[in-house]
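K.L.:
Take this structure, written in structure tokens, and hold onto it; I'll ask about it next.
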Amino acid sequence: MPKIAIIHEWFVDYSGSEKVVEQLLNIYPEADLFAVVEFLPQDLKFFIKNKTVKTTFIQKLPFSKKWYRNYFPLMPFAIEQLDLTGYDIIISSNHAVSKGVLTNSEQLHISYCHSPVRYAWDLYHQYLREAKLGWGLKGLFARLSLHYLRLWDVASSNKVDYFVSNSDFIGRRIRRVYHRFSTTIYPPVDTTKFELCDKKEDFYLTASRFVPYKKIDLIVATFAQMPDKQLVVIGDGPDFEKITKQKYPNITFLGFQSFEVLKNNMQRAKAFVFAAIEDFGITPVEAMACGTPVLALAKGGCKETVANGISGYLFEDQTIESITECIIKFEKNYEIFNPRTIRKHAEKFDIVRFRNEFDIFVKLKYQKFKNSIQ
């Protein structure tokens, strides 16, 4: 059996990329774990099977538990200090620096890429704007840091033998940024946690972090102009107060809610509305697993996960007009959407499918790699 190391950016919570690592550990339970830092609360360590994570020197720097992101300029250097000598296969779960780990010519490195560093590439100008980093000393330092990060990011991509993208959308980004081809294996969605519900109620749902790119404000503005349509909004975040300041009789803001409350609303909703450009977008797939149609932007991962006219509708632009037209079209054709068909579509992205596809990919590439070095 080859000895396997799995390296992740940082372990601080349990969200999309961590759920990929969880399934990697279900495929390769004997693998060792590495990361820049690990500050998981005890009740979340279940998904890494309570394994000890080997971390970098950033783990011990002052205030790193709360402010580890402030040490980002050090992370490319830190990741290169991890010693993975003795492992046959390196699997990096990457959206920032993990793919930069040093390997040798007798080690196979497969990178599951959630995205090239977003705020260094596609979201560069948006990041500087939202962080209010102009051309002062602080802004200049940020721009220089991101410039050198881009240089390192491209250089470190050469350390990867094979890229796996979490969507064709990210595959195109990998091609543009790294000039490398990738194989798409959609991330695992635990559809077993979202039971089918045939009976829908007369309200729409959206759920997300209240951050600018999620476009919650756009969805709210759309329904504000459609007072006969009810909207329920779940989630919180930096923009919560700004978005909820204006009250509308047809819009209910529930704030952060437990998983059970979120699932219950997903099951009962007439449709789930999603206006963000996501790398993949797990939440819309979870809604479809409940048999709920999804009305989503025809860009990013949703263009691949939402079957237009079967599991929902896609709208073309991030505008009130485009979303409104989509809702009107959906209302006119509501009867064509079958919750069981929608659920069946969502199951194409489930956990078992991910495990099988990824394990087959690794076995094939490892055999090819072994043959090439013999």
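K.L.:
So for the chain, averaging the separation of alpha carbon pairs under 8 Å that are six or more residues apart and normalising by length, what relative contact order in percent results? Before the final figure, lay out the partial values.
P.N.:
Values: 671 pairs, mean separation 49.1, N = 374.
Here the relative contact order equals 13 percent.
K.L.:
Please list, or write none, the aspartates and glutamates whose alpha carbon is within less than 15 Å of the alpha carbon of K99, excluding same-chain residues fewer than 8 places away.
P.N.:
List returned: E9, E80, D83, D153, D161.
K.L.:
Grab the other residues whose beta carbon is less than 15 angstrom from that of E325, score K and R as +1, D and E as -1, and report the net. Spell out each step's value before the answer.
P.N.:
Values: positive: K229, K329, K332; negative: E316, D317, E321, E331.
Around E325, the surrounding residues sum to -1.
K.L.:
Let me ask something additional. Return the aspartates and glutamates within reach of K66: Cα separation strictly under 12 angstrom, same-chain partners fewer than 8 residues apart disregarded; answer none if there are no such residues.
P.N.:
E38
K.L.:
Kirkwood Rh over alpha-carbon pairs of region 126-230, then Stokes-Einstein at 10 °C and 1.306 mPa s: what D in µm² s⁻¹, rounded to an integer?
P.N.:
Working: Rh = 18.6 Å.
Rounded to a whole number, D works out at 86 µm²/s.
K.L.:
Once both axes come from the Cα atoms, what is the angle between helix 16-27 and the longest principal axis of the chain, in degrees from 0 to 90, rounded to 10?
P.N.:
60 degrees
K.L.:
Can you tell me the orientation of helix 137-157 relative to the chain, as the angle in degrees between its alpha-carbon axis and the longest Cα principal axis, to the nearest 10?
P.N.:
Around 70 degrees separate the two axes.
K.L.:
Please compute the contact order of region 191-349 in relative form: average sequence separation of alpha-carbon pairs under 8 Å and at least six residues apart, divided by the residue count, as a percent.
P.N.:
Numbers: 310 pairs, mean separation 40.2, N = 159.
Here the relative contact order equals 25 percent.
K.L.:
Would you mind checking K348/K370; K215/K348; K159/K193; K200/K299 for any pair whose Cα atoms are more than 30 angstrom apart? Kindly include the intermediate steps, with their values, before the conclusion.
P.N.:
Details: K348/K370 32 Å; K215/K348 27 Å; K159/K193 37 Å; K200/K299 27 Å.
Cα-Cα > 30 Å for K348/K370; K159/K193; rest within.
K.L.:
Something else: Name the shape class, rounded, prolate or oblate, that the alpha-carbon gyration tensor gives for region 191-349, where a ≥ b ≥ c are the square roots of its eigenvalues, rounded holds for a/c under 1.5, and otherwise prolate holds if a/b is larger than b/c and oblate otherwise. Present the calculation step by step, with values, prior to reporting the outcome.
P.N.:
Details: a/c = 1.39, a/b = 1.29, b/c = 1.08.
Judged from the Cα gyration tensor, region 191-349 comes out rounded (a/c under 1.5).
K.L.:
Right, here's the next one. Show me the ranking of peptides 289-301, 168-180 by mean Cβ neighbours inside 10 Å, starting with the highest. Mind showing how you got there, number by number?
P.N.:
On the way: 289-301: 24.4, 168-180: 17.3.
Top to bottom by mean Cβ count within 10 Å: 289-301, 168-180.
K.L.:
OK, next. Given the peptides 73-84, 203-214, arrange them by the average over their residues of other C-beta atoms within 10 Å, most packed first. Walk me through the intermediate numbers first.
P.N.:
Working: 73-84: 16.8, 203-214: 19.9.
Order by mean packing, descending: 203-214, 73-84.
K.L.:
Using only Cα atoms, find the angle between the long axis of helix 351-373 and the longest principal axis of the chain, and express it within 0 to 90 degrees, rounded to the nearest 10.
P.N.:
For helix 351-373, the angle is close to 30 degrees.
K.L.:
Apply the a/c threshold of 1.5 to the C-alpha gyration tensor of region 1-99 and tell me whether it is rounded, prolate or oblate. Spell out each step's value before the answer.
P.N.:
Working: a/c = 1.86, a/b = 1.26, b/c = 1.48.
Taking the square roots of the gyration eigenvalues as a ≥ b ≥ c, region 1-99 is oblate.
K.L.:
How do 57-69, 333-345 rank on mean C-beta neighbours within 10 Å, highest first?
P.N.:
Values: 57-69: 13.5, 333-345: 15.3.
Ranking, from highest mean packing down: 333-345, 57-69.
K.L.:
Still on this structure, I have one more. 7 Å from Cα along Cα→Cβ at both N70 and K242: what's the point-to-point distance in nm?
P.N.:
Computed distance between label sites N70 and K242 equals 2.3 nm.
K.L.:
For region 269-315 and region 1-77, compute the distance between their C-alpha centroids and round to whole Å.
P.N.:
Each part reduced to its Cα centre gives a spacing of 30 Å.
K.L.:
Just tell me which lysines come within less than 20 Å, Cα to Cα, of K60; anything on the same chain fewer than 8 places away is out.
P.N.:
Output for K60: K45, K51.
K.L.:
Using only helices, what value at 222 nm comes out for the chain when you add -39,500 (n - 2.57) per DSSP H run of length 4 or more and divide by the total residues, to the nearest 500 deg cm²/dmol? Intermediate results must be reported in sequence, preceding the final value.
P.N.:
Working: 14 runs with 140 residues, N = 374.
The per-residue figure over the chain is -11000 deg cm²/dmol.
Taken together, the values in this text are just the output of simple stated rules run on the coordinates, not laboratory data. Everything numeric here is computed off the predicted structure, so don't read it as measured data. As a convention, Cβ positions derive from the backbone with ideal geometry for all residues, glycine included, and neighbour counts pool all protein chains shown.
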